Structure formats: C-alpha cells, structure tokens
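Presented below is the structure to which this report refers.
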Amino acid sequence: MRQITHFISGQAQAGRAERFGDIYNPNTGEVQAQVPLASAAELDEAVQAALLAQPDWAGVNPQRRARIMFKFKELVETHMDELAMLLSCEHGKVLADAKGDIQRGLEVIEFACGIPHLLKGEYTQSAGPGLDVFSTRQPLGVVAGITPFNFPAMIPMWMFGIAIACGNAFILKPSEKDPSVPVRLAELMLEAGLPEGVLNVVHGDKIAVDAILAHADIKAVSFVGSSDIAHYTYMTGTANGKRVQAMGGAKNHGIIMPDADMEQTVADFAGAAFGSAGERCMALPVAVPVGKQTADEFVARMQETLSTLKIGISTDPDAHYGPVVTQAHRERITDYIQMGVDEGAELLVDGRGLTLQGHEKGFFIGPSLFDHVKADMQTYRDEIFGPVLQIVRAESLEEATRLPSQHQYGNGVAIFTRNGLAAREFADKVNVGMVGVNVPIPVPLAYHSFGGWKRSAFGDANQHGTEGVRFFTKIKTVTQRWPTGELADQSFIIPTMN
Ligand code: NAD
C-alpha cells in the first residue's frame, strides 16, 4: 500500500503517531494509499523547521523570491498531466477539471510573482522639518493553512503562494481525503529553489488542526472548509492571539429573469450545479426562476439537459463529472435527497441508484433535480455539496433577491438577465460577497480577492489579491530625522504638526 508522507524541512517524513487515514480511489471505491495523521509533536517539528528557515527567507530580496515563484509555475506546468491524474484519482473530478483546479492556483502564483511591487510601502518626505515617514510590509513569521478536499491544488496555492512570496514560512495541513497533490506541490517548490523548511506539509485531522490553533509560534491561520469548522477555527485561533481568515460553506443562488438567454442559462446551470459533482463552494445548487413561465421553461429544458449528462470515471474524457470523494459523502447526499422528498419538494430527476458498469463500488451519484423547494425546508437551508439542483420559484426580482440575501450563507450568487438596470440593482443590493451577472461561477481572478459573507467567511481578510498580501504581512511605519547639529527644543507634550 502506498504510504503518503509528511514533508518537513524539505524531507519526506513517515508518520510516527501510529494513526493513519485511508485514501480512496473514488472511481473504484478501493483504498489506494494511507496518510499519516500527525500528533501535536509532529506538528511542532514542522513549526521548528519553519522557525529556523523563516528569518533567512525573509532576508532574501523580493525579486529573488519572485524568481522562485516563476520557476515553480514553470515546473507545475511541466508536471501538469501527472498532477492532474493524481488529483483526479483521489478527488474524483474529471481530468479537465483537475487541470482547471491547478491552473486557478497557478494564477495566484502568477500574481505572487509581482511581490516586489506588492510589498512596496508608502513614503512621505518632509512630513515635518527634516522628518520623513515611510511604511513597509513585513512578513508575520510562521503561518499556517488548513485546506478542504474539494480544491486540493488551488486552495493550497491561494495560501502558500502569497504567504511565502511575502517572506513567511508556511505549514500546510491539507485535507486528509486527497493529500497527494499538496505534497507534490511542496516538492516542486523545493525543486524551484525554495529553501528547506520554508514550506512544510503536515497531514492530519482535528488533532493537527488543534495543534496549529494552539501553537504560540504560528502567527496566522488561513482556513477553508465547512462553516462549523471555519467558525471553530476562527474563534479558537483568534482567542489564541492569531490572525485568522476562515472561509466556510455556501449555498449559491442563480436568479433567472424572464428576459434571460434561456439556452445559455440552462447550459450554465448544468455546468455550475453538476460540474465536479457539485463539490464546489461556488457551485450553483439553487435556481430561482422569476415568474411561472420562466420556471416552467427552465424546468423542461433542464430535465432534457440532465438526460444527456454522462457520469463516468474521472479519467474518462467524455464524462461531464465523476464520482464524489467518499462513500460517506455519497450517503450524505442521498440522505439529503430523501429528506427533500420527505419535506415535500418535487423530485423530478432522481440521481440515486446510479451504478457504473465495471465500477459498481465507485462513489457515483447521478444528477438530481427538485422543483417547488421552499425557503423553510432544511434541504434548502443546508449545503448539500453534491449533484443536486433545487428550484425555488419566485414571483418578482424583489422576492428572488430576498432568498440569497436572507440565507445563512453568502458566498456567491448570480443573475441571468438582459436587463442592465435590474442586474445593477441586484448586484448592489444582494447580501452576498461575490456576484455574477450572466456568469454562473463568479470566482474572482487572482488579482482580485475571494471571500463570501455571513456564514461563508469569518474574519476580515479575503483570500489572495492585495487582501491576501495584507493578511500575510504587517505594516511597520518608520518616522526618521537625522541630526543636523542644532539642538531641538525640549518638549514634554506629544509632538504635533502645529
Ligand atoms: P471540512 O470542514 O470537513 O475540512 C476542512 C479542513 O478542516 C480539513 O483540512 C480537515 O482536516 C479539517 N477538519 C475537519 N474536521 C475538523 C474538526 N472537527 N476540527 C478541526 N479541523 C477539522 O471541509 P471539506 O469537506 O474538506 O470541504 C468542503 C467544505 O469546504 C464545503 O463546506 C465547502 O463549501 C467548503 N469550501 C469553502 C470554500 C470557500 O472559499 N468559502 C472553498 C472550498 C470549499
């Protein structure tokens, strides 16, 4: 059985905690590897390695740090096929989508290549007689990232790409469900020239997470995962004096106005609700058609489209989506489908019971479509995180806007319309962090920043973009005057500019 290892101080390290997790191939349902689950002592080893490496790394000038990022980008591109295959066979997303996962992470690395510019501070000359003021952004020291299973390449790169370029040393605790790609990324960073100890990967579960949150030498924690754990991470980390950004779950709505381009909208929903088997925090699992005619047309076309979807093994180039990540997750989704039926929603397409010939033990689940879902149903309130699209009918744009605005999650939302004014009003008023106008998955580009509202994110700082640089640095402001030989007046009051 393949043993996955920690990556500490540039070395592969077998786990010594005698605790292991199984890594499945979701296409076959078989265990393909084992991952060690770290103890607090193993986590501390990684922190010690990072503490040792960080001061020198912070002393490397930003342009040289950027060159390592450039080289890393080149190496990831060279290894794209290998990484995508590894990712696809642990996560279950199809190969093209696995490449998209890696590519979106690389875009943050490209942004981080601009770090010499991004770290430039501000300067005021002659703020007073002979007095200059300047500010610089300095790294925090050792920082950590805790990542979810659903983007095992992109989200680690969101975090370590920026943190390391800023001069920090990084401890990555990837998802214990698909940890191989994060380790390969760390190996490629080393190959790109990153000094040992600057990027360390420690696998684990709650024990490792708690050790990170309690460790006095970890100054900031970036978390992405489900909302309850995000909230826990935020509360515990901040109580321990750390800077924390913690992104949580989502339930994104797509509002369909009567004037929408219906053919395009249905195609957009098919991809955004069912792509990656719905395991995306920016998936679009709720459709809100405005008016009966819009709803009826959307339902008819969506049913037709779903009958053409191909669910296959993740390496099948014709598959629209592959299996979900684990059997437990598959069961959770089918339980939600049953709950939807019990709550009185109308199940138009039932994805349960799909088996793939030759892959009967794989974690496959067909697409499901619910109509007449109501806002008070638990299946509407909760995040299902599977290939399930729920239709909540609305009578007006106002009613449609209230749904995402009042929902506990506020990650992403989209509106499909040809009416610029309606779209503008909607984008302005809706109580959600990321808005798409005729864009079903409005994930901001790397040089903007990513983050939802309400229970989709805890803490003030978004991921990547200049927000990411701010999160992983602290400002130092220097006020300086050089002796002129003349004695300044002695003063016992606070200096002012009067
Ligand atoms: P998860 O919350 O189960 O796991 C996330 C991380 O937390 C993992 O590293 C895991 O090991 C750790 N963890 C799990 N249980 C823990 C516990 N009890 N105590 C401490 N740490 C624990 O999430 P997941 O299932 O891996 O990922 C899917 C979730 O992530 C979905 O809710 C999805 O919406 C969300 N997500 C959010 C964003 C975003 O940016 N808002 C992006 C991607 C995924």
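What pairs can you find where one residue is in the stretch 469-484 and among the hydroxyl-bearing types (Ser, Thr, Tyr), the other is assigned to a strand (DSSP E or B), and their Cβ atoms are less than 7 Å apart, with a gap of 6+ or different chains?
Note: pairs meeting the criteria are Thr473/Arg137; Thr473/Gln138; Thr473/Pro139; Thr477/Val133; Thr477/Ser135; Thr479/Leu131; Thr479/Val133.
Residue check, Gly278 against (1) of a type outside the set (A, V, I, L, M, F, W, C); (2) touching a Pro at 6+ places or on another chain (Cβ under 8 Å); (3) more than 16 Å from the ligand (Cβ to nearest atom), all met but one. Which one?
(3) is the only condition that Gly278 fails.
The conditions are (1) surrounded by 22 or more Cβ atoms within 10 Å (Cβ to Cβ); (2) more than 30 Å from Val142 (Cα to Cα), and Asn462 fails exactly one of them. Which is it?
Against the list (1) surrounded by 22 or more Cβ atoms within 10 Å (Cβ to Cβ); (2) more than 30 Å from Val142 (Cα to Cα), Asn462 comes up short only on (2).
Within the stretch 390-407, restricting attention to residues that are in contact with a strand residue (DSSP E or B) (Cβ under 6 Å, 6 or more places away or on another chain) and within 16 Å of the ligand (Cβ to nearest atom), which residue is nearest to Phe269 (Cα to Cα)?
Gln390
Exactly one of these conditions fails for Ser449: (1) in contact (Cβ under 8 Å) with a residue 40 or more places away in the chain; (2) among the polar types (S, T, N, Q); (3) within 23 Å of Ala163 (Cα to Cα). Give me its number.
(1)
Starting from residues that are crowded, with 24+ Cβ neighbours inside 10 Å and more than 15 Å from the chain's Cα centre (by Cα), keep the ones in the stretch 164-178 and report whichever is nearest to the ligand (Cβ to nearest atom).
Ile171
Give me the pairs, please: first residue somewhere in the stretch 296-309 and under 11 Å from Glu263 (Cα atoms), second residue anywhere and of a type in the set (Ser, Thr, Tyr), beta-carbon distance under 8 Å, and either six or more positions apart or on two chains.
So the pair list comes out as Phe298/Thr265.
Just a yes or no: is a residue in the stretch 296-312 over 18 Å from the mean Cα position of the chain (by Cα) and within 16 Å of the ligand (Cβ to nearest atom)?
No.
Only one of these is surrounded by 23 or more Cβ atoms within 10 Å (Cβ to Cβ) and either within 16 Å of the ligand (Cβ to nearest atom) or not in a helix (DSSP H, G or I) (or both): Leu369, Leu347. Name it. Steps first, please.
Working: Leu347 fails: surrounded by 23 or more Cβ atoms within 10 Å (Cβ to Cβ).
Every option except Leu369 fails the conditions.
Please list, ordered by first then second residue, the pairs with beta carbon atoms under 7 Å, 6 or more apart or interchain, first in the stretch 42-61 and within 26 Å of His203 (Cβ to Cβ) and aromatic (Phe, Trp, Tyr), second modelled with pLDDT of 95 or more and not in a helix (DSSP H, G or I).
Matching pairs, first to second residue: Trp57/Gly167; Trp57/Ala169; Trp57/Pro195; Trp57/Val198.
Would you check if Gly241 is out of contact with any Gly (no Cβ under 7 Å at 6 or more places or on another chain), near the ligand (Cβ under 10 Å from one of its atoms), outside any helix (DSSP H, G or I) and farther than 24 Å from Lys310 by Cα?
In short, no.
Residues in the stretch 243-261: is at least one over 22 Å from Ile441 (Cβ atoms) and surrounded by 22 or more Cβ atoms within 10 Å (Cβ to Cβ)?
Checked against the condition, which is being over 22 Å from Ile441 (Cβ atoms) and surrounded by 22 or more Cβ atoms within 10 Å (Cβ to Cβ), the stretch 243-261 yields at least one hit.
Would you be able to tell me the number of residues in the stretch 58-74 that are among the aromatic types (Phe, Trp, Tyr) and within 15 Å of Val198 (Cα to Cα)?
In the first step, residues of the stretch 58-74 are kept if they are among the aromatic types (Phe, Trp, Tyr); the result is 70, 72.
Filter once more, keeping what is within 15 Å of Val198 (Cα to Cα): 72.
Residues in the stretch 58-74 being among the aromatic types (Phe, Trp, Tyr) and within 15 Å of Val198 (Cα to Cα): 1 in total.
Looking at (1) over 30 Å from Ala112 (Cβ atoms); (2) outside any loop (DSSP other than H, G, I, E, B), which one does Ala427 not meet, given that it meets all the others?
Tallying (1) over 30 Å from Ala112 (Cβ atoms); (2) outside any loop (DSSP other than H, G, I, E, B), Ala427 fails exactly one: (1).
If a residue must be touching a residue at least 60 places away in the same chain (Cβ under 8 Å) and under 30 Å from Asp296 (Cβ atoms), how many such residues does the stretch 236-277 contain?
Residues that pass the stated criteria total 22.
Can you spot a residue in the stretch 201-219 that is in contact (Cβ under 8 Å) with a residue 40 or more places away in the chain, within 21 Å of Glu467 (Cβ to Cβ), under 19 Å from the mean Cα position of the chain (by Cα) and more than 15 Å from the ligand (Cβ to nearest atom)?
no
Quick check on the stretch 117-133. Is at least one of its residues more than 30 Å from Trp482 (Cα to Cα) and touching a residue at least 12 places away in the same chain (Cβ under 8 Å)?
No - not one qualifying residue is present in the stretch 117-133.
For the stretch 149-159, name all the residues that are within 11 Å of the ligand (Cβ to nearest atom) and farther than 13 Å from Gln463 by Cβ.
Passing the criteria: Phe149, Asn150, Pro152.
Can you find a residue in the stretch 36-56 that is modelled with pLDDT of 95 or more and in a strand (DSSP E or B)? Lay out the reasoning, then the answer.
The initial filter retains those residues of the stretch 36-56 that are modelled with pLDDT of 95 or more, namely 36-56.
Applying the additional criterion that residues be in a strand (DSSP E or B) yields 36.
Yes, the stretch 36-56 contains a residue that is modelled with pLDDT of 95 or more and in a strand (DSSP E or B).
Would you pick out the residues in the stretch 100-148 that are more than 16 Å from the ligand (Cβ to nearest atom) and of a type in the set (Ser, Thr, Tyr)?
Scanning the stretch 100-148 gives Tyr123, Thr124, Ser126, Ser135, Thr136.
Restrict the check to the stretch 220-235 and report whether at least one residue is within 26 Å of Val31 (Cβ to Cβ), near the ligand (Cβ under 9 Å from one of its atoms), free of Cβ contacts under 8 Å to residues at least 40 places away in the same chain and crowded, with 18+ Cβ neighbours inside 10 Å.
Yes, that holds for at least one residue.
Where residues in the stretch 138-158 are closer than 21 Å to Pro55 by Cβ and out of contact with any helix residue (DSSP H, G or I) (no Cβ under 7 Å at 6 or more places or on another chain), which of them is surrounded by the most Cβ atoms within 10 Å (Cβ to Cβ)?
Looking at the filtered set, the residue picked out is Leu140.
Could you pull out the residue among Ser456, Ser491, Ser449 that is within 16 Å of the ligand (Cβ to nearest atom) and either closer than 30 Å to Gly121 by Cβ or exposed (fewer than 15 other Cβ atoms within 10 Å of the Cβ) (or both)? Talk me through it step by step, then tell me what you get.
Details: Ser456 fails: either closer than 30 Å to Gly121 by Cβ or exposed (fewer than 15 other Cβ atoms within 10 Å of the Cβ) (or both); Ser491 fails: within 16 Å of the ligand (Cβ to nearest atom).
On inspection, the qualifying residue turns out to be Ser449.
The values are calculated or read from the model by the stated rules, or taken from the named source; none is laboratory data. Bear in mind the structure is a predicted one, so any value in this text is a computation, not a measurement. Reconstructed Cβ throughout: ideal geometry from the backbone, glycine too, with neighbour counts over all protein chains shown.
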